[in-house]
Structure formats: structure tokens, C-alpha cells
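Written out below as C-alpha cells is the structure these notes cover.
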Amino acid sequence: MELLYLTADDVTKLLNMPEALSVVESAFKEHGMKQVQMPAKSYLYFPEGDLRTMPAYLKNAGIAGVKIVNAHPGNPANGLPTVMAVVMLNSIETGAPLAMMDGTYLTNMRTGAAGGVAANHLARRDATVVGMIGAGRQAMTQLQAITIIRDIKTVKIVDVSTTTCNRFRKNMAELGCDIVIAGSIREACNCDILVTTTPVRAPIVADGWVQEGTHINAIGADAKGKEELDPQILKRSTIVIDDYAQATHSGEINVPLNNKIITVDDIHSTLGEVVAGIKQGRTSDNEITVFDSTGLAIQDISTANHVYQQAVKTGIGARLKLF
Ligand SMILES: NC(=O)c1ccc[n+]([C@@H]2O[C@H](COP(=O)([O-])OP(=O)(O)OC[C@H]3O[C@@H](n4cnc5c(N)ncnc54)[C@H](O)[C@@H]3O)[C@@H](O)[C@H]2O)c1
């Protein structure tokens, strides 16, 4: 019995954003049609960080697996990344392990792809200006995906670190947009599509700064107690979540729900229901739409399956003997 072992370099060679957008869109559709099994991610808490396991089975794609991912904020001081992930894929017929691969780049790509799928269904067709709060790793893949689904001309980026903004501008230059470093979060909010990718635990986007017609990808809040948006924004928005159990526990809506500023009746739908055509996406040009993303195992497993298929086709990766 052997399994295919794929390093971060292998995964990077085998995955691009148009492909990630396509497999993640299909995964959300399966989720909307209730064709997946996906228990909410489970957390182990340590003094230094946490470890999350994220299993999923996608019936139509015919694949199952689990991502194991940590978050240890003190790691960089010891020369290690904060977040490291591995994905295991298993055969649904025999349960046999098929592949084990680095999941860090894959996580960034599938998160960007989810933002692209959300913007495709929820942002105005004529959107040309993207505002970005946070210029780190997730910001880059969000923009890569959004520029594929809309004709983006201008990007306004803001981060507490000017160095990070400059790195973002350099790395994203190939996308061909005019990337402007905004002087404030308020300035970045003057846009058609707003993307928030910061780890903050208290709102940094004020209600009055978000204009009618904006679509927001709220990406940063992915654990209990985190939030980036003034809850009053949610009160005047169409709220689309990725998954009920995860979003209510750890998404952008978790704190406003606990504080009873919004109720579960304020949730419009899941993204999967919109992709599957069960619920409507944007219905008018002046509606504010919010995609509350916590990150789903179906995104990881569908993307990893695509990487695995490409690896088998191209002969990339090492075969490891199990027994
Ligand atoms: N929804 C998902 O699926 C998903 C997936 C991965 C990561 N995340 C979350 O997204 C967030 C960002 O992850 P990342 O990998 O991009 O991290 P990162 O460290 O690469 O980037 C975060 C950036 O936010 C900036 N920042 C921090 N506070 C700020 C503030 N007050 N104003 C402006 N900028 C600020 C930092 O300087 C940094 O550049 C984290 O909270 C992470 O947990 C969510």
C-alpha cells in the first residue's frame, strides 16, 4: 500500500486560481444541495495556539479527506509559520489513504477562490474598484480570484504595516490593476467590493463608511470572538454565510449574534444555496451584501482532490510505502 506525497512546491506547480475557482464553486454547489458530509471543524486548544481538524466527504466528486491545521501566533519568533496545514485524501470505496500534501498554499488558494465565488454571485456586475483591509496572504489570493470574475481597474489597499502594503503592490503588479495604498480604512471602503482579511477581534470598519451597493468578503473572522465589521453594517446587509454551524460559532456574525444585535433570522442563506440556485444572490444595485467566510473543509478536500488528479496525470510527487 502506497500513498502519494506532495510537497508545497508540488502543490504550487499543480494548482492555479482559475482551477481553484472552478472546483470550489462546484463544492459550494454540492454543499447547497446537501450532497456533502462536513462536521464543523473541531478545535484543540493549547496555551500556545490551537489545532483544528476539518473532515469532509463530497458525494458527487467522490472523495473524502481531512485537513489538519494549526494556528500558533508565537511561531514566527521561533522561525516557524503561524499556520501550517496538511491534507489527507482517502478513497471512499476502501477508505485507503490516497495522498498526503502540504495544505498551506492550498488553504490560501481555496480561501481566495471562495471569495471569488461569493463576489461572482453577490457583487455588482459593473464592479471595478476593490478596497482591501489587510494586505497579507489571504488578501493576495482574494484579489487574484476577484480579478478573474470582474473587470477590476483600481485596488485600494490598507494595512497597519506599510512594508506589507508595498509587498502586496509588488506581488500583485502582474494583475494589471492600479494598486493604490489608501491613507485610511475609510478611504479603502469607498469601493464596489470590500475585502477584510485581518486577525482583529474588534470592528475596524465603521458603519458610515460602507456605501450602498457594496459587496463585502468578510474573511478574517474565523474563530470565536473575532469580528472586523461594525455589526450595524450587518443589520442593513444581505448576509450570506458559508456554513451555519461554523459561521454562528466563529464567523463575522458570531459576536453580534451573541450580543443579540442580530438574530439567525437575519441570515439570508448559505453561499452554496445561492450557487445552487436555491436562494437568490444580489437582487438590486443598492443592496449591501456580506459573505461571512470561516473556511470549509469541502473547499480544502475538493481543491486537494484536483491537485491529486493533476499529480497523477503529470507524474509529480513521491510514492510513500505505508505497509
Ligand atoms: N475565512 C477563511 O477561510 C480564512 C482562511 C485563512 C485565514 N483566515 C483568517 O484571515 C486573517 C488573515 O490571515 P492571513 O493569512 O492573511 O494573515 P497575514 O498575517 O498574512 O495578514 C494579516 C494582515 O492584517 C494586517 N492587520 C492586522 N491588524 C490590522 C488592522 N487593524 N488594520 C489593518 N491591517 C491589519 C497585518 O498587518 C497583516 O498584514 C486571519 O484572521 C486568519 O485567521 C480566514
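Quick notes
- Residue pairs meeting the criteria (Cβ under 6 Å; at least 6 apart or on separate chains; first over 14 Å from GLY134 (Cβ atoms), in segment 155-179; second among the hydroxyl-bearing types (Ser, Thr, Tyr) and at pLDDT 95 or above): LEU175/THR147; ASP178/THR154
- Scanning segment 199-231 for residues that are away from the ligand (no atom under 11 Å from the Cβ), in contact (Cβ under 8 Å) with a residue 60 or more places away in the chain, open to solvent by less than 60 Å² (accessible area, probe 1.4 Å) and over 17 Å from the mean Cα position of the chain (by Cα) yields VAL210, GLY213, THR214.
- Residue within segment 248-259 that is touching a Phe, Trp or Tyr at 6+ places or on another chain (Cβ under 8 Å) and either open to solvent by less than 10 Å² (accessible area, probe 1.4 Å) or within 14 Å of the ligand (Cβ to nearest atom) (or both) present: no
- GLU252 passes every criterion in (1) under 21 Å from GLY134 (Cα atoms); (2) in contact with a Leu (Cβ under 7 Å, 6 or more places away or on another chain); (3) in a strand (DSSP E or B) apart from (3).
- When we screen GLN310, GLN280 for residues that are outside the structural domain of GLN246 (by TED's automatic domain parsing) and either in contact with a Ser or Thr (Cβ under 7 Å, 6 or more places away or on another chain) or polar (S, T, N, Q) (or both), the only hit is GLN310.
- Contacts under 6 angstrom Cβ, first residue in segment 292-320 being on the phi > 0 side of the Ramachandran plot, partner modelled with pLDDT under 95 and surrounded by 22 or more Cβ atoms within 10 Å (Cβ to Cβ), 6 or more apart: GLY295/ASP222
- Residue count, segment 92-118 (criterion: closer than 16 Å to LEU143 by Cβ and of a type in the set (A, V, I, L, M, F, W, C)): 5
- Residues in segment 232-246 that are crowded, with 18+ Cβ neighbours inside 10 Å and more than 15 Å from GLN299 (Cα to Cα): 6 in all.
- Test: ASP192 is closer than 22 Å to ARG125 by Cα, more than 15 Å from the ligand (Cβ to nearest atom), at pLDDT 95 or above and open to solvent by 40 Å² or more (accessible area, probe 1.4 Å): no
- Count of segment 280-323 residues which are out of contact with any strand residue (DSSP E or B) (no Cβ under 9 Å at 6 or more places or on another chain) and either within 16 Å of the ligand (Cβ to nearest atom) or within 17 Å of PRO55 (Cα to Cα) (or both): 1
- Residue check, ILE262 part of a loop (DSSP other than H, G, I, E, B), surrounded by fewer than 24 Cβ atoms within 10 Å (Cβ to Cβ) and touching a Lys or Arg at 6+ places or on another chain (Cβ under 7 Å): yes
- Within segment 156-176, no residue satisfies the criterion of being away from the ligand (no atom under 16 Å from the Cβ) and surrounded by 20 or more Cβ atoms within 10 Å (Cβ to Cβ).
- Residue within segment 17-29 that is surrounded by fewer than 21 Cβ atoms within 10 Å (Cβ to Cβ), in contact with an Asp or Glu (Cβ under 9 Å, 6 or more places away or on another chain) and either in contact (Cβ under 8 Å) with a residue 24 or more places away in the chain or not acidic (Asp, Glu) (or both) present: no
- Matching residues, segment 121-155, being away from the ligand (no atom under 12 Å from the Cβ) and open to solvent by 40 Å² or more (accessible area, probe 1.4 Å): HIS121, ARG125, ASP126, THR128, GLN144, ILE148, ASP151, LYS153
The values are calculated or read from the model by the stated rules, or taken from the named source; none is laboratory data. Small disclaimer: the values here were computed from a predicted structure and weren't measured. Glycine also receives a Cβ, built like all others from the backbone with ideal geometry; neighbour counts cover every protein chain displayed. All accessible areas refer to the heavy atoms of the entire protein, side chains included, with ligands and DNA or RNA removed. Shrake-Rupley method; radii C 1.70, N 1.55, O 1.52, S 1.80 Å.
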